[in-house]
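This report refers to the structure that appears directly beneath it.
The values are calculated or read from the model by the stated rules, or taken from the named source; none is laboratory data. Here the structure is a predicted model, which means the values were calculated and not measured. Glycine also receives a Cβ, built like all others from the backbone with ideal geometry; neighbour counts cover every protein chain displayed.
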Amino acid sequence: MHALAQAVALLVASPLPPAVAQRMSTLPDRLVRLTRNASDVVPAEPVGFVLADLAEVIETQHQRLVETTRLAGQLQQALDSRVVIEQAKGIVAGRAGVAVDTAFAELRDYARRNNMKLHDVCRQVVTGRLGVDKLSRQRR
């Protein structure tokens, strides 16, 4: 009964979707007072409805959290990848004496010719494993 009292107290104190709040408003007053007097008799059916609604809210929030976490991971990965690409563009532009747009085109073309991901080519340029002189066919 103590766990039920905590669940009801939590439910009453939390912002609820309108459908759940409506159902809560139809419960007997003694259910809402459960945390004050655990000896009250609580009808099982209303408690079951409230707990089912609470479980639905928890599941919905869990799904939103999982989706948000997944999206945040994807965005972080894209940002990290973009940083490496920008660094490589700067290195190529500076060392080869070309415009940044040209540097990007050379990185992209090298990746395509060698069937590599652009990010992998850029990482190799940034770490020094791939020399700028190897990127352009025209400058060789």
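What the table below lists for this structure:
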| quantity | calculated |
| --- | --- |
| Check on Leu31, at pLDDT below 60 and either surrounded by 12 or more Cβ atoms within 10 Å (Cβ to Cβ) or under 30 Å from Arg129 (Cα atoms) (or both) | yes |
| Scan of the range 115-125 for residues that are within 17 Å of Ala78 (Cα to Cα) and either touching a Ser or Thr at 6+ places or on another chain (Cβ under 8 Å) or part of a helix (DSSP H, G or I) (or both), ordered by number | Leu118, His119, Asp120, Val121, Cys122, Arg123 |
| The range 112-140, subset more than 14 Å from Ser81 (Cα to Cα) and crowded, with 18+ Cβ neighbours inside 10 Å, residue farthest from the chain's Cα centre (by Cα) | Ser136 |
| Residue in the range 66-80 that is out of contact with any Gly (no Cβ under 8 Å at 6 or more places or on another chain), within 19 Å of Leu130 (Cα to Cα) and surrounded by fewer than 14 Cβ atoms within 10 Å (Cβ to Cβ) present | no |
| Answer from Ala88, Ala103, Ala52 - the residue that is of a type in the set (A, V, I, L, M, F, W, C) and at pLDDT below 95 | Ala52 |
| Residue under evaluation Leu79, criteria (1) within 18 Å of the chain's Cα centre (by Cα); (2) under 13 Å from Ser136 (Cα atoms), criterion not met | (2) |
| Hey, Arg112 under 22 Å from Gln77 (Cα atoms) and in contact with a helix residue (DSSP H, G or I) (Cβ under 7 Å, 6 or more places away or on another chain) or not | no |
| Subset tally (residues that are in a helix (DSSP H, G or I) and either of a type in the set (Val, Ile, Thr) or modelled with pLDDT of 95 or more (or both)) for the range 126-140 | 3 |
